[in-house]
1. Counting only residues that are β-branched (Val, Ile, Thr) and within 14 Å of the chain's Cα centre (by Cα), which one in region 132-157 is farthest from LEU122 (Cα to Cα)?
2. Suppose we filter region 165-197 for residues that are open to solvent by 50 Å² or more (accessible area, probe 1.4 Å) and within 24 Å of LYS99 (Cα to Cα); how many remain?
3. Under 9 Å by Cβ, and 6 or more places apart or on different chains, what pairs join a residue from region 43-57 that is over 14 Å from THR9 (Cα atoms) and touching a residue at least 12 places away in the same chain (Cβ under 8 Å) with one that is of a type in the set (Lys, Arg) and open to solvent by less than 20 Å² (accessible area, probe 1.4 Å)?
4. I want to confirm something. Restricting to region 108-132 and keeping residues that are of a type in the set (Ser, Thr, Tyr) and open to solvent by less than 40 Å² (accessible area, probe 1.4 Å), which single residue is modelled with the lowest pLDDT?
5. Evaluate the following for THR158: is it hydroxyl-bearing (Ser, Thr, Tyr), assigned to a loop (DSSP other than H, G, I, E, B) and modelled with pLDDT of 95 or more?
6. Could you please give the count of residues in region 93-125 that are more than 17 Å from ASN150 (Cβ to Cβ) and aliphatic (A, V, I, L, M)?
7. For region 65-105, give me the residue count where each residue is of a type in the set (Gly, Ala, Ser), surrounded by 15 or more Cβ atoms within 10 Å (Cβ to Cβ) and in a helix (DSSP H, G or I).
Amino acid sequence: MRVKICGITNNDDAQAAVESGADALGFVFAKSSRRVTKEQAKDSIERLPPFVSPVGVFVDEEVATIKGICSFCGIHTVQLHGNEDPLYIHDLKGYKIIKAFRIKEEDDLVCLSQYKPHAFLLDSYVKGVMGGTGMAFNWEIARQAHNYGNIILSGGLTPENITEAVRIVRPYAVDVSSGVESSPGKKDEELMRRFIMNAKFWED
């Protein structure tokens with residue numbers, strides 16, 4: 001099971017996530033309490049060891065801006081968390097694309113068929129909030145999304161519920177932010193360690 005720790009805001013948290021076993025780290029370049037500058041992200045990314053992937057998180061950003069930030073920071077995977085359409089993804093050819101969708105009911109899965117990203121991230125729907133809500137959604141719906149491609153499960157995941165979430169959904173990967181924080185934008189090393197251990201070493 002692959003684990004992404006999202007909303008990394010400082011070097012200490014980045015290193016703690018790596019030492020806890022994270023496979024990927026998310027750096028948010030959109031309006032958020034976890035937003036970072038490209039300079040902050042680059043500093044953390046340059047310290048990452050091999051095989052840990054940095055991911056840039058954007059919301060309805062200009063393609064040229066995304067490319068500029070990614071080039072500056074050394075990011076090759078882009079997570080789109082807004083209302084980007086399929087043509088927008090085509091314009092980012094050359095990057096690994098994660099397209100996020102906010103899920104409230106089964107019908108919300110229908111639009112996935114229009115997209116061809118490298119993975120779909122399924123998050124909870126909260127009106128007016130594009131991500132990082134800390135709220136879970138019905139995991140039985142997420143399980144039905146496998147026909148569309150690789151599924152990354154997000155939304156309200158914690159060290160306490162991640163084993164059950166993985167057992168039900170069997171996702172390609174899981175993504176957590178607020179569920180391993182002591183406060184918005186500040187990760188808790190013990191919570192990250194427990195989350196990653198429970199995600200990677202769950203049993204049926």
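The values are calculated or read from the model by the stated rules, or taken from the named source; none is laboratory data. For clarity, every value in this text was computed on a predicted model and none was experimentally measured. All Cβ positions, glycine included, derive from the backbone under ideal geometry; neighbour counts span all protein chains shown. Note: areas computed on protein heavy atoms with side chains; ligands, DNA, RNA excluded. Shrake-Rupley method; radii C 1.70, N 1.55, O 1.52, S 1.80 Å.
1. Restricting to residues being β-branched (Val, Ile, Thr) and within 14 Å of the chain's Cα centre (by Cα), the top hit is THR133.
2. Going through region 165-197 one residue at a time, the tally reaches 4.
3. SER53/LYS4
4. Taking the candidates together, the pick is SER124.
5. The answer is yes for THR158.
6. Here the count works out to 1.
7. 0
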